[in-house]
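> Structure in structure tokens, see below.
The values are calculated or read from the model by the stated rules, or taken from the named source; none is laboratory data. Note that the coordinates shown come from a computational prediction; the quantities given were computed from them, not determined experimentally. So basically every Cβ, Gly included, is an ideal-geometry build from the backbone, and we count neighbours across all protein chains shown.
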Amino acid sequence: MRVAVPRTLITGAGFAGSVVARELADAGRKVHLIDRRSHIAGNAFDEHDLHGVQIHRYGPHIFHTNSERVWTYLSRFTEWHPYEHRVRGVVNGKHYPFPINRDTLNQLYGLDLDEEGAAAFLDRVREPRDPVQSSEDVVLNSVGRDLYEKFFLNYTRKQWGVEPSELKAGVAARIPVRTNTDDRYFTDTFQAMPLHGYTKMFENMLDHPNITVELGVEFSEVRQRAGFGHVVYTGPIDAYFDYRFGRLPYRSLRFEHEHLPGVEQFQPVGTVNYPNDHAYTRITEFKHLKGQQHSGTSIVREYPQAEGDPYYPIPNDENEALFKQYQALAEVEPGVSFVGRLAEYRYYNMDQVVGAALVAAQRLLGQLAPQI
């Protein structure tokens, strides 16, 4: 006699939810994937705007990873367009390579340093901090006061809404400082953009007879239905528990998209940071990301804000302590797995989310009742 196994309900059709859905489906499990938005792909959702330029609705998503496993996994669902992201930071109206490298120092200070000279310069200007506890400590310990104030201080204030001294060290530690002239933002082994876009990659990932997708619905509506077994939850963990201990702070963003007809290229690289000017933090020009040819160009300005959809968990000790309270509840919540940036309150990159989702899926498959 064949026993029907309840479908797994997965909430959130971004990287975490979609990867778990595909892994369970490949293992023979029936999955019902939902999202409150009207589209799949989460914040990585891309589309062609009214002028035919492929844009990222929720700001630039640049794929990079050192994980061959993650790269190989995603390559099942997409071909790739090679792309190495480059960023410039504007200081006093001039563009400089960012992250800071030897060219940044030479152009900013009118110097002619070689690699050894750049290392000696940074060693002279740095302000040693021991222990290194905050983002401010990381930067001052690495590049000193002047570069900190020119490139980091005000950008951090805009991006996070707090002082760098109030953020954990890991936030600033994500940004390297180089004594060579490598001006790539990332140095990962694998750097590329999905050839036909993230949305198409997600469509391929979710194209499986064991996966059904329902969009434009809230988790609270769907979870009441019969026929679901385990739940994989990728939304904000505090929302799941009805904010029992209060709301976890997140940083949100507002995106101002603009098409510039007749402008073939607006800026020299994909992203330009504005640490000290304007209310926005950066401008991204999308044509750089895929090498798209078009008579005009489309850009997006990013305005960080406190209210709105949660994008970035704010990493400090107070917030971490609050998260630990929710995590304790999650660990004993029966029949639910919490996966992803919002559910784990972690500032994950895309590849880290994929890696965590693959691990979570394998763990879940080991826990679920066997398919009969």
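> Of the residues Arg36, Arg22, Arg69, Arg7, only one is in contact (Cβ under 8 Å) with a residue 60 or more places away in the chain, surrounded by 21 or more Cβ atoms within 10 Å (Cβ to Cβ), more than 12 Å from Tyr198 (Cα to Cα) and of a type in the set (D, E, K, R); which?
Result: Arg22 is the single residue among Arg36, Arg22, Arg69, Arg7 that is in contact (Cβ under 8 Å) with a residue 60 or more places away in the chain, surrounded by 21 or more Cβ atoms within 10 Å (Cβ to Cβ), more than 12 Å from Tyr198 (Cα to Cα) and of a type in the set (D, E, K, R).
> Do we have any residue at all in the range 46-57 that's among the acidic types (Asp, Glu) and without any contact (Cβ under 8 Å) to a residue 40 or more places away in the chain?
No, the range 46-57 contains no residue that is among the acidic types (Asp, Glu) and without any contact (Cβ under 8 Å) to a residue 40 or more places away in the chain.
> Right, next: Which residue, of Asn154, Asn180, is in contact with a Pro (Cβ under 8 Å, 6 or more places away or on another chain) and either surrounded by fewer than 19 Cβ atoms within 10 Å (Cβ to Cβ) or part of a helix (DSSP H, G or I) (or both)?
Asn154
> Can I ask one more? Give the range 108-151 a look and list any residue that's crowded, with 18+ Cβ neighbours inside 10 Å, farther than 20 Å from Thr181 by Cβ and among the hydrophobic types (A, V, I, L, M, F, W, C), or say none.
Residues satisfying the conditions are Val138, Val139, Leu140.
> Please verify whether Ala13 is under 28 Å from Lys290 (Cβ atoms), under 16 Å from the mean Cα position of the chain (by Cα) and at pLDDT 95 or above, treating the condition exactly as stated.
Yes, satisfied.
> Can I ask one more? I'd like the residue in the range 73-90 that is among the hydroxyl-bearing types (Ser, Thr, Tyr) and in contact (Cβ under 8 Å) with a residue 40 or more places away in the chain and, out of all such residues, is surrounded by the most Cβ atoms within 10 Å (Cβ to Cβ).
Thr78
> Is it the case that the range 192-209 has a residue that's surrounded by 17 or more Cβ atoms within 10 Å (Cβ to Cβ) and under 30 Å from Ser135 (Cα atoms)?
Checking the range 192-209: at least one residue is surrounded by 17 or more Cβ atoms within 10 Å (Cβ to Cβ) and under 30 Å from Ser135 (Cα atoms).
> Please go through (1) in contact with a Pro (Cβ under 8 Å, 6 or more places away or on another chain); (2) assigned to a helix (DSSP H, G or I); (3) touching a residue at least 60 places away in the same chain (Cβ under 8 Å); (4) not hydroxyl-bearing (Ser, Thr, Tyr) for Ala192 and return the number of the only condition it doesn't satisfy.
So Ala192 meets the others, but not (2).
> Does Arg225 fit the bill of being farther than 30 Å from Phe323 by Cα and either surrounded by fewer than 20 Cβ atoms within 10 Å (Cβ to Cβ) or modelled with pLDDT under 95 (or both)?
Taking the combined requirement at face value, the residue does not satisfy it.
> Here is a further query. Of the residues in the range 279-301, how many are under 14 Å from Gly161 (Cα atoms) and surrounded by 15 or more Cβ atoms within 10 Å (Cβ to Cβ)?
So the count comes out to 2.
> Another question about this same structure. Select from the range 321-358 the residues that are assigned to a helix (DSSP H, G or I), without any contact (Cβ under 8 Å) to a residue 24 or more places away in the chain and within 19 Å of the chain's Cα centre (by Cα) and list them in ascending order.
Result: Gln352, single match.
> Please state which one of Pro268, Pro275 is at pLDDT 95 or above, more than 30 Å from His230 (Cβ to Cβ), out of contact with any helix residue (DSSP H, G or I) (no Cβ under 8 Å at 6 or more places or on another chain) and not in a strand (DSSP E or B).
Just one listed residue meets the conditions, Pro268.
> Given the criterion in contact with a Leu (Cβ under 9 Å, 6 or more places away or on another chain) and of a type in the set (Asp, Glu), identify the matching residue among Asp277, Asp242, Asp238.
Asp238
> Are there any pairs with C-beta distances below 7 angstrom linking a residue in the range 161-177 that is in a loop (DSSP other than H, G, I, E, B) to a residue that is aromatic (Phe, Trp, Tyr), with the two at least 6 apart or on different chains, and if so which?
The qualifying pairs are Leu167/Trp160.
> From (1) over 22 Å from the mean Cα position of the chain (by Cα); (2) in a strand (DSSP E or B); (3) not hydrophobic (A, V, I, L, M, F, W, C), pick out the condition that doesn't hold for Gly246.
Unmet for Gly246, out of (1) over 22 Å from the mean Cα position of the chain (by Cα); (2) in a strand (DSSP E or B); (3) not hydrophobic (A, V, I, L, M, F, W, C): (2).
> Thr156 passes all but one of (1) within 30 Å of Phe266 (Cβ to Cβ); (2) touching a residue at least 40 places away in the same chain (Cβ under 8 Å); (3) of a type outside the set (Phe, Trp, Tyr); which number fails?
(2) is the only condition that Thr156 fails.
> Follow-up. With touching a Lys or Arg at 6+ places or on another chain (Cβ under 9 Å) and of a type in the set (Asp, Glu) as the only criterion, which of Asp351, Asp317 stands out?
Just a single option satisfies the conditions, and that option is Asp317.
> Would you say Lys200 is within 19 Å of the chain's Cα centre (by Cα), farther than 21 Å from Val87 by Cα and not hydroxyl-bearing (Ser, Thr, Tyr)?
yes
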